[in-house]
Amino acid sequence: MNSSVKGLARHLAVLAIPAALAACGGGSNDTPAPAPAPAPAPAPAPTLAVKGTAATGAAMANAAIKVSCATGNATATAGANGSFSVSITNGALPCVLTATSSDGATELHSVAAGTGNADTTANVTPLSELLVARLAGADPKAFVTAFGASTAISTADVTAAQTALLQTLTAAGLDTSSVGDIVGGALTAGSGAGYDGVLDKLKTAVANAGTTLAELTGAIASTSKLGGATGNATVGTVLAPAATDCAGLKTGTLRVLDFSDGSNGLVQVDAAALTATIGSTKYTLKKNAACDYSVNDPAGTRVLVSRSGIAVLLQGSGVNGNVVVALPEQKLDVAALAGSYVRVQYNQDAFDASTGEFGDTEFAADGQNGLSMDCPKGYGACVQDAQSKGKLVANSNGGFDYMENGASLARLFAFRNSSGRMLLLGMETDGTFIALVGKDKLALPAVDRVSAYWQFSINGAGLSAVTEDSNTVTAVDATAGTVTRKFASDSHTDTLGFNAPFDGSRYRATNACSSSSGGAFSCNGVVQLPYGGVVMTVSSVPSKRFLTVSIDK
């Protein structure tokens, strides 16, 4: 029984082998299983495409283009017509752009706003340079250099900056109506039409104003956070047409301050025709030298013009001599005057024993006068003045009144230069001349720098004659903040401390001078207040009193 079962099992096992082979396809007619589908190809990486035109009016042919984005960077070379394009794999907006001319002389910047990777156009032009200055409130190159992945540039902010910029340029006399979109608008370099035509007009305006795109850019940046009136006034001064050989003499309105009687008025200047009109009377400016003129008036007025546009008018000499100061009329907001100032003042008849002839002070955005340092005992003996003070209030006839206890104690007129440094000039009711200059830190000059200037003084004997001289910087000590100068007239030297006693001012100690042979040389101790080619100097000790004014040639 058991052997039969085992035999049957062996027989079945033998039969099972070919059956198993048949099931594996050995000679079977069954349909084979389908092969697995291939893996799908990976999706192409997203690409950000940026194109535009680099132009100054003429095409920036062969300019080096650099595009830096929130994600990704690229470079390109502009074509003969200034056009360029880049593709950035996995790139994302926003982006900043730099175009550098083939000779390296011109560098301009632009932006591409937004987020994501939609194709975008970003022109790089002088207008985009100004736009970045307005948008950032800073130097465009510095903004582009500091750009990073977390820097946001919104389309709304760029649009607002463009609107404000074009309004300011229009107020300065530039027709910008052909530009609808500075960054993304159609631009055909060299065509002289549309956008390109505005670039041509801007270039001409800058040249006629005796200024530079860099100076205009600085003016746009320095006023970007202030009211429209301040921006328009500052840029309007920068772009005003200038005399061909004197960039400081501009066509427009000058505010004239007569320090003999404290009066002030307005003069209309035509820099091209060299005329000055007061009311209905037109006077002619006769050129003596660059920025040095004589007026055909009964007083025989001599006019010396600084590079900032501040002019000094001199009439006669001695006790009968008179000084008149003219500065470009600017309608500034009170808020634009906010900041810290260095002060110098002078009264020919009396010394102010409470404030002295130099010090510092500050004004808030509402015009309120704040903490001050007064120096009635001279250099090194300044004292804090924390008592309540007056307030600057706009005068409907121009300038500002310094109001205290309901009375005006001084009438002041403000001027803002392209870099944003403020000047307040005026007269107190007692006849004291006062000058306040923004407390910006002064940069040390380079060795071998030459400064030529006119100079005059006022003291108890009246107005001195005008003298001319020049000095050359012979040494600079950056650690001590001192500068040594050699004077052409007699080869004596002096040593000035920069940003002393306050930032924005200069100090020379009594007898800090040497003769041409290196021996002792007597000179007054002074505190100097430089501003835009004009230096106002007072004595650093109360026992000697004078006001000396220098105007750089």
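The values are calculated or read from the model by the stated rules, or taken from the named source; none is laboratory data. Fair warning: this is a prediction, and the values are worked out from it, not measured in the lab. A quick note on method: Cβ atoms are made from the backbone with ideal geometry, for glycine too, and the neighbour counts reach across all protein chains shown.
Within region 77-125, the set of residues being small (Gly, Ala, Ser), closer than 20 Å to Pro140 by Cα and assigned to a strand (DSSP E or B) comprises Ala99, Ser110, Ala112, Ala113, Gly114.
In region 390-402, the residue that is farthest from Thr211 (Cα to Cα) out of those that are free of Cβ contacts under 8 Å to residues at least 60 places away in the same chain and crowded, with 17+ Cβ neighbours inside 10 Å is Gly390. Note on region 151-181: among residues that are in contact with a strand residue (DSSP E or B) (Cβ under 8 Å, 6 or more places away or on another chain) and assigned to a loop (DSSP other than H, G, I, E, B), the one that is surrounded by the most Cβ atoms within 10 Å (Cβ to Cβ) is Ile153. Could you tell me whether Thr474 is at pLDDT 95 or above, in contact with an Asp or Glu (Cβ under 9 Å, 6 or more places away or on another chain) and farther than 25 Å from Phe358 by Cα? Yes; evaluated as a whole, the condition is true for this residue.
Condition test on Ala520, is it hydrophobic (A, V, I, L, M, F, W, C), on the phi < 0 side of the Ramachandran plot and surrounded by fewer than 16 Cβ atoms within 10 Å (Cβ to Cβ)? Yes.
Looking across region 51-64, the residues that are surrounded by fewer than 24 Cβ atoms within 10 Å (Cβ to Cβ) and part of a strand (DSSP E or B) come down to Lys51, Ala59, Ala64. Assessment of region 368-376 against the conditions (touching a residue at least 60 places away in the same chain (Cβ under 8 Å) and charged (D, E, K, R)) yields no matching residue.
Checked against (1) among the small types (Gly, Ala, Ser); (2) modelled with pLDDT of 95 or more; (3) touching a helix residue (DSSP H, G or I) at 6+ places or on another chain (Cβ under 9 Å), Gly378 passes all but a single condition, namely (3). Of the residues that make up region 194-201, is at least one in a helix (DSSP H, G or I), more than 13 Å from Leu127 (Cβ to Cβ) and in contact (Cβ under 8 Å) with a residue 24 or more places away in the chain? Taking every residue of region 194-201 in turn, none turns out to be in a helix (DSSP H, G or I), more than 13 Å from Leu127 (Cβ to Cβ) and in contact (Cβ under 8 Å) with a residue 24 or more places away in the chain. Restricting attention to region 233-287 and to residues that are farther than 24 Å from Asn417 by Cα, among the hydroxyl-bearing types (Ser, Thr, Tyr) and in contact with a Ser or Thr (Cβ under 9 Å, 6 or more places away or on another chain), the residue that is surrounded by the fewest Cβ atoms within 10 Å (Cβ to Cβ) turns out to be Thr284. Within region 405-431, track down each residue that is under 32 Å from the mean Cα position of the chain (by Cα) and either surrounded by fewer than 18 Cβ atoms within 10 Å (Cβ to Cβ) or among the polar types (S, T, N, Q) (or both). The answer is Asn417, Ser418, Ser419.
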